[in-house]
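One structure below.
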Amino acid sequence: MSRVVKKRQADPKVVQYVWSAIRVIRSQKQIANMDRISKYLSRVYGMHPKETSRQLVLAVKDGLVVETLTVGCKGSKAGVEQEGYWLPGDEMEQMSEGNKDWEAESHDWYCFECHLPGDVLECDSCFRVYHLRCLTDELRPRDTTSHWQCSVCRGSKRRTLTKQEMVTYLKFILARMKERAIDLHKRGKETKQAMYRRLIHTALDVDNIQENISEGKYKNFEEFKADAQLIVHNTAILHGARSDQTEIARLLYNDTCHELNELLLCRNCFHLSNARPDNWFCYPCVPGHELVWARMKGFGYWPAKVMQREGNQVDVRFFGHQHQRAWIPSDNIQDISVNVQQLQVKRSSGWKKACEELELHQRFLREGRTWKGRTDERQDEAESSISSTSNEQTKSNQEPKAKKSRRSQPPEPKEEEPEPEVEAVSSSQEIPTAAPHQPERMSVSTQTKKSPSSSSSPAPRMLHRATQTLNEGSCQNMCHDKYTKIFSDVKEMMKAENKRETERVLKEALDKVVVILCLCS
């Protein structure tokens with residue numbers, strides 16, 4: 001049932017100012033009374049004494065500051081009772097019980113839109129609260145008896161992707177979030193944990209988001225977006241809604257929303273643009289993009305992919321070295337089937353490379369070729385290895401049965417040369433191509449004794465082993481070759497990843513330079 005409740009009234013930013021004043025005054029072995037706190041806040045933060053008095057009274061009501069009567073022990077106030085203020089959690093607060101109700105709160109204390117206290121509406125499905133004035137008309141409850149959900153809970157739906165796909169996509173977005181989140185939570189880590197928890201109901205940072213991604217806790221993109229918004233909420237409570245830290249958190253949230261929109265626009269483009277395999281822009285997407293000739297102002301026609309259309313504007317991404325994005329008027333768009341001679345383009349080296357990339361993309365389209373990620377390749381390799389192993393096991397199971405039937409029979413003498421010995425090998429072993437020396441021939445003890453009449457003619461010696469035991473030299477060579485191949489593959493993989501990372505950094509730097517030049521011009 002939706003209901004409006006009064007959580008807290010004191011401004012969380014001013015509460016931290018009061019905490020700082022109490023610490024400084026207490027460190028000087030003085031009583032933190034109203035007069036000293038007011039002078040400190042006026043001198044350091046420029047607060048008016050009346051506002052300080054009002055906020056201090058509200059902080060006491062919220063349980064964020066403890067008010068006591070203290071008897072002075074020195075100076076002109078010796079033996080006189082004074083109102084003193086303490087931090088919650090100090091030794092004076094331990095004398096009074098019932099001040100830890102904040103630990104059992106099921107909902108946040110501050111509005112998720114403006115991050116301020118007051119009369120708030122609680123969501124029936126999560127811990128978020130909102131001022132009625134901060135809600136849109138669509139989200140406001142019609143009556144106080146109905147079940148009410150916030151915008152985050154309404155946007156959460158069932159899982160639309162597999163767990164592995166969700167983890168792969170969100171890891172790309174997390175890498176960009178880390179670039180802006182370096183200095184966000186220094187203040188929170190420096191603050192005492194108990195005091196920090198009195199203001200922050202649900203603590204969260206980028207490291208927690210990374211753990212949630214690794215454990216596969218996000219069922220949809222709305223949950224991930226809500227956690228990014230929670231970082232903004234917590235930062236605004238600690239540093240103020242207009243602080244530099246909060247602006248950084250808002251940029252982080254806006255970047256996250258942009259990346260999620262790009263992901264929803266085309267998953268293939270999003271994945272390939274972040275993974276950056278060779279010829280990544282040439283692989284067709286599902287569904288495919290329309291191919292056009294697009295012309296920016298001041299440039300000629302270039303081949304491009306259509307990402308989306310809005311009214312008279314077309315969002316395209318150009319073929320070429322940098323694969324830039326731009327919104328182009330539909331009047332400057334021509335179908336890819338138009339003859340190049342009619343476009344009157346300047347055939348520069350960059351334009352030729354873009355056309356070569358277009359031709360490769362069209363060839364991939366004709367061949368029906370798509371890009372396979374590492375997960376798909378591993379599944380194919382696993383399936384092929386399982387089928388080959390099952391075939392080898394079938395052969396090995398059939399071969400010993402044939403040998404067993406021949407054991408009970410005496411060997412028949414033959415005049416021609418004896419046949420080479422045959423060994424049954426298990427499917428889990430490999431046969432070396434060249435052995436250091438010829439293995440010694442052994443006769444099986446279960447064979448019947450030779451008759452005297454056949455002693456003159458040599459009989460072929462049979463050797464049957466259920467599992468072949470390799471000699472020490474061949475085993476060492478096989479292990480050495482196998483691990484050498486593995487190390488070389490890992491080394492090549494690391495080189496390729498370093499190369500892709502270097503190209504990505506250079507591309508971002510070039511994009512920034514191009515933007516700066518465009519702004520300057």
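Based on this model, can you work out whether Ser76 counts as in contact with a Leu (Cβ under 8 Å, 6 or more places away or on another chain) and modelled with pLDDT under 90? No: the conditions fail for Ser76.
Looking only at residues in the range 297-332 that are in a loop (DSSP other than H, G, I, E, B) and under 19 Å from Lys352 (Cβ atoms), the one that is modelled with the highest pLDDT is Phe319. The residue of the range 192-235 that is surrounded by the most Cβ atoms within 10 Å (Cβ to Cβ), among those that are β-branched (Val, Ile, Thr) and assigned to a helix (DSSP H, G or I), is Thr235. The criterion of being in contact with an Asp or Glu (Cβ under 6 Å, 6 or more places away or on another chain) and modelled with pLDDT of 85 or more does not hold for Ala32. Within the range 7-43, being assigned to a loop (DSSP other than H, G, I, E, B) and of a type in the set (Lys, Arg) holds for Lys7, Arg8, Lys29. Exactly one residue out of Arg378, Arg366 is at pLDDT 50 or above and out of contact with any helix residue (DSSP H, G or I) (no Cβ under 7 Å at 6 or more places or on another chain): that is Arg366.
Among residues of the range 130-141 that are part of a strand (DSSP E or B), those with a Cβ under 9 angstrom from a residue that is aromatic (Phe, Trp, Tyr), sequence gap 6+ or separate chain, pair up as Tyr130/Phe112. Residue count for the range 110-133 satisfying the condition of being of a type in the set (Gly, Ala, Ser) and at pLDDT below 90: 1.
The values are calculated or read from the model by the stated rules, or taken from the named source; none is laboratory data. The structure displayed is predicted, hence computed values, not measured ones. Don't worry about glycine lacking a Cβ; one is built from the backbone with ideal geometry, like all the others, and counts go over all protein chains shown.
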